[in-house]
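The values are calculated or read from the model by the stated rules, or taken from the named source; none is laboratory data. Predicted model, so just to flag it, every value in this text is computed and none were measured. Every residue, glycine as well, gets a Cβ built from its backbone with ideal geometry; the counts of neighbours run over all protein chains shown. Accessible surface areas use protein heavy atoms only, side chains included; no ligands, DNA or RNA. Shrake-Rupley method; radii C 1.70, N 1.55, O 1.52, S 1.80 Å.
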Amino acid sequence: MITNTRNWRPPTDVYESEDCIIVKVEIAGMAQDKFEITYFKNTLNISGCRSDEISTKKAFHQLEIGYGEFLTSIEINIPIQVDKAEANYQNGFLIINLPKSQPKNIQIK
């Protein structure tokens, strides 16, 4: 019998707009409360567990979809405003918006 217990990583895109870093993860079939998203020391970690609802089947003919626990780590080398970060999960995509920190003028006294 084939088992699908290997570590896996969902497809992930990271791109930049003028004022934001956007992380887009393709991961259908999960409830949004099954994700954990953390940001620490310039690293965004996205983890979770997608349940294997077919593990009771006797024989597999093809098995390509990843199940079980996953972790995706992305190093962000641009200063961001973590307190303004937002995440949305819709239509099988987890989209995280990380607003860039804006330079601040320092007044000379």
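Given the residues Lys24, Lys34, which is the only one that is within 17 Å of the chain's Cα centre (by Cα), over 16 Å from Asp13 (Cα atoms) and surrounded by 11 or more Cβ atoms within 10 Å (Cβ to Cβ)?
Of Lys24, Lys34, the one residue that is within 17 Å of the chain's Cα centre (by Cα), over 16 Å from Asp13 (Cα atoms) and surrounded by 11 or more Cβ atoms within 10 Å (Cβ to Cβ) is Lys34.
Return the pairs, sorted by first residue and then second, in which the second residue is at pLDDT 95 or above and of a type in the set (Val, Ile, Thr), the first residue lies in region 86-109 and is closer than 25 Å to Ile27 by Cα and open to solvent by 100 Å² or more (accessible area, probe 1.4 Å), the beta carbons are less than 8 Å apart, and the residues are 6+ apart or on different chains.
Glu86/Ile96
Test of understanding: among Phe93, Phe70, which residue is in contact with a Cys (Cβ under 8 Å, 6 or more places away or on another chain) and more than 17 Å from Glu18 (Cβ to Cβ)?
Phe70
Give the number of residues within region 55-81 that are under 18 Å from the mean Cα position of the chain (by Cα), farther than 19 Å from Met30 by Cβ and loosely packed, with under 14 Cβ neighbours inside 10 Å.
Looking only at that region, the number is 4.
Of everything in region 70-109 that's in contact with a Ser or Thr (Cβ under 7 Å, 6 or more places away or on another chain) and not aliphatic (A, V, I, L, M), which residue is nearest to Asp33 (Cα to Cα)?
Phe70
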